[in-house]
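Notes for the one structure printed next.
We did not get these values from a lab; they are worked out from the coordinates using the rules stated. As the structure is a computational prediction, the values presented were derived from the model and not from experiment. Glycine gets a Cβ as well: all are built from the backbone with ideal geometry, and neighbour counts include every protein chain shown.
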Amino acid sequence: MANHKSAIKRIRQSESRRLHNKYFARTTRNALKELRGTTDKAAAQEMLPKVSSMLDKLAKKSIIHKNKAANLKSSLSLHVNALQ
């Protein structure tokens, strides 16, 4: 166990940040799964900007790497454009 007040505070901060990051990452993964499972082009085109925004926010906060966000956005765009 930590012996310093600052170390105890750091443990509290990192735990709350971990839960916060976990929530937003899970929410984004669910949105990705939903978008990939969509077969309706109009619905997919409506969802794409929202999911792209979520990915950009995760990359900005360093929850995921910026290149991973770019790769996911690219593959989603290809998926949406390929829908009939």
Study note, to complete from the structure: Packing-ranked peptide list from 69-77, 52-60, highest mean Cβ count within 10 angstrom first, is 52-60, 69-77
Check your understanding: How many angstrom lie between the C-alpha centres of the stretch 67-84 and the stretch 10-51?
Key -> 15 Å
Point to revise | Inter-probe distance in nm under a simple model that places probes 7 Å from Cα toward Cβ, at residue 19 and residue 56 | key: 3.0 nm
Study note, to complete from the structure: Distance in nm between residue 65 and residue 11 label points, each 7 Å along Cα→Cβ, equals 3.2 nm
Check your understanding: Between residue 83 and residue 29, what FRET efficiency comes out of the Förster formula 1/(1 + (r/R0)^6) with R0 = 35 Å and r the beta carbon distance, rounded to 0.05?
Key -> 0.95
